[in-house]
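Only one structure is covered here, and it is reproduced in the block below.
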């Protein structure tokens, strides 16, 4: 395998980075390059704001359950926690990694663990992490990935608990689940989360 020489944490980070980079590369094909200081278009901010809902969409599945038989174009509602990678957000892009807290455990929930990045779930097995995470992205009206990050939107941060409704995107299969979000509910913060 490509990353056999790495330890489990490094392997997870490499695989997740490859998935995010691949998704980002596909989403940004043909886009005009922008400078890092360039402000996000007002329409992107408006789109992201309308994405946030004040009550949880009904019928949420776990990520693990949704991954069993992903059907492209199907509307699903998922419940999870922002975790599964040392950096679960893509800077300057409306994309994040959502993990299944019933299967993988953030380090803040492990007694005696003083990890500074508890959302990286570094104590869990790489294959388990891969099977219990999904990538959430937000597209604009033209089907392009929005060039504005999700971190900070209505308090979304690492370890935030979310309920996301959206459509299973092209390219999804049982090894890779990608969701085009249309609604995000941010669960009230738990004081025990870092």
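Some notes on this structure:
- Single condition residue 65 does not satisfy, out of (1) in a loop (DSSP other than H, G, I, E, B); (2) free of Cβ contacts under 8 Å to residues at least 24 places away in the same chain: (1)
- Test for residue 108: is it assigned to a helix (DSSP H, G or I) and modelled with pLDDT under 95: yes
- Test: residue in region 137-154 that is under 21 Å from residue 69 (Cα atoms), touching a residue at least 12 places away in the same chain (Cβ under 8 Å), assigned to a loop (DSSP other than H, G, I, E, B) and touching a helix residue (DSSP H, G or I) at 6+ places or on another chain (Cβ under 7 Å): no
- Filter result for residue 47 (touching a residue at least 60 places away in the same chain (Cβ under 8 Å) and either assigned to a helix (DSSP H, G or I) or within 21 Å of residue 122 (Cβ to Cβ) (or both)): yes
- Residue in region 116-131 that is buried (at least 21 other Cβ atoms within 10 Å of the Cβ), over 13 Å from the mean Cα position of the chain (by Cα) and at positive phi present: yes
The values are calculated or read from the model by the stated rules, or taken from the named source; none is laboratory data. Quick caveat: nothing in here was measured; it's all calculated off a predicted structure. Don't worry about glycine lacking a Cβ; one is built from the backbone with ideal geometry, like all the others, and counts go over all protein chains shown.
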